[in-house]
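**Q** First the structure, which I've put down as structure tokens, then a few questions once you've had a look.
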Amino acid sequence: MLKRSLLVLALSIAATLPAFAHLDPGTHGSFAAGFSHPLFGVDHILVMVAVGLWAAQQGGRSIWLVPGAFVGAMAIGFAAAISGVPLPFVEPVILASVVFIGVAIALALPIPAPAVAAMVGFFALFHGHAHGGELGEAGAWQFAIGFILATAALHAAGIVAGLLLGRISGKVLTRIAGAITALGGLWLAFGA
């Protein structure tokens, strides 16, 4: 059942990619532009799937609390950006989020769900601010709904993958995925 769910989710996301070509949010603030935005940035994909992996690895109420905190804080960061509220170091913090969350997964430290939610919420403010800062004068709320739904789908993919990896290997494969995520973040920061 879990394998079938993961396959259906992956195929659903893959099937929408050609329809949602990466549209310029500054001139095309539509649902399609918002939905496509997280799906075409390696940093977005890595961190949003990693949030789901970390939530699944922590288990319990983290499975809904952690992604919920990310999405909620991301929406707040977006609203701040379109309101003109500045936020320093947006891009460096986004890259740091990929590395930090990847390392946290790799270490598999038992951290209380509210603390994990607060950590991902901090990073999500910057991700949301980046989305809002790129928007320009286009339709903000249609764009926001699109990127929120795409983010939730990536979190769900991470949760499903984390649960599946956990069943297969305990925490070993999930920890390896976290290490790969952290290395991907370092590559984006210094090698890309």
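**Q** Given the criteria out of contact with any His (no Cβ under 7 Å at 6 or more places or on another chain), modelled with pLDDT under 95 and not hydrophobic (A, V, I, L, M, F, W, C), does Ser36 qualify?
**A** Values: out of contact with any His (no Cβ under 7 Å at 6 or more places or on another chain): no; modelled with pLDDT under 95: yes; not hydrophobic (A, V, I, L, M, F, W, C): yes.
For Ser36, the condition - out of contact with any His (no Cβ under 7 Å at 6 or more places or on another chain), modelled with pLDDT under 95 and not hydrophobic (A, V, I, L, M, F, W, C) - is not met.
**Q** Suppose we keep only residues that are touching a Leu at 6+ places or on another chain (Cβ under 7 Å) and under 19 Å from Gln57 (Cα atoms) within the stretch 168-192. Which one would you say is surrounded by the fewest Cβ atoms within 10 Å (Cβ to Cβ)? Working first, answer last.
**A** Quick first cut of the stretch 168-192, residues touching a Leu at 6+ places or on another chain (Cβ under 7 Å) only: 173-174, 177-178, 181, 184-185, 188-189.
Okay, now just the ones that are also under 19 Å from Gln57 (Cα atoms), so 173-174, 177-178, 181.
Working: Leu173: 16, Thr174: 25, Ala177: 21, Gly178: 24, Thr181: 27.
Filtering first and then ranking leaves Leu173.
**Q** So which residues in the stretch 131-148 are aliphatic (A, V, I, L, M) and either under 22 Å from Thr181 (Cα atoms) or under 10 Å from the mean Cα position of the chain (by Cα) (or both)?
**A** Listed by number, the list holds a single entry, Ile148.
**Q** Got a number for residues in the stretch 40-74 being closer than 17 Å to Ser97 by Cβ and either in contact with a Cys (Cβ under 8 Å, 6 or more places away or on another chain) or of a type in the set (A, V, I, L, M) (or both)?
**A** Within the stretch 40-74, residues that are closer than 17 Å to Ser97 by Cβ and either in contact with a Cys (Cβ under 8 Å, 6 or more places away or on another chain) or of a type in the set (A, V, I, L, M) (or both) number 15.
**Q** If you don't mind, another one. Enumerate the pairs (first residue in the stretch 77-102 and under 26 Å from Leu186 (Cα atoms); second residue anywhere and hydroxyl-bearing (Ser, Thr, Tyr)) with beta-carbon separation below 9 Å, excluding pairs fewer than 6 apart on the same chain, so at least 6 apart or on different chains.
**A** Val98/Thr181; Val99/Thr181; Ile101/Thr181; Gly102/Thr181
**Q** If you take the residues of the stretch 163-192 that are over 16 Å from Gly52 (Cβ atoms) and not in a helix (DSSP H, G or I), which of them is nearest to the chain's Cα centre (by Cα)?
**A** Top of the filtered list is Ala192.
**Q** May I pose another question? Go through the residues of the stretch 117-136 one by one and say whether even a single one is over 23 Å from Val42 (Cβ atoms) and modelled with pLDDT of 95 or more.
**A** Within the stretch 117-136, one or more residues are over 23 Å from Val42 (Cβ atoms) and modelled with pLDDT of 95 or more.
**Q** Then there's this: Could you check the stretch 66-82 and list, in sequence order, the residues that are surrounded by 19 or more Cβ atoms within 10 Å (Cβ to Cβ) and within 15 Å of the chain's Cα centre (by Cα)?
**A** Selection gives Val66, Pro67, Ala69, Phe70, Val71, Ala73, Met74, Ala75, Gly77, Phe78.
**Q** Against the definition (in a helix (DSSP H, G or I), on the phi < 0 side of the Ramachandran plot and within 12 Å of the chain's Cα centre (by Cα)), how does Leu125 come out, yes or no? Please lay out each step first, then the result.
**A** Working: in a helix (DSSP H, G or I): yes; on the phi < 0 side of the Ramachandran plot: yes; within 12 Å of the chain's Cα centre (by Cα): yes.
Yes; evaluated as a whole, the condition is true for this residue.
The values are calculated or read from the model by the stated rules, or taken from the named source; none is laboratory data. Since the structure is predicted, the reported quantities are computational estimates derived from the model, not experimental observations. Every residue, glycine among them, receives a Cβ derived from its backbone with ideal geometry; neighbour counts consider all protein chains shown.
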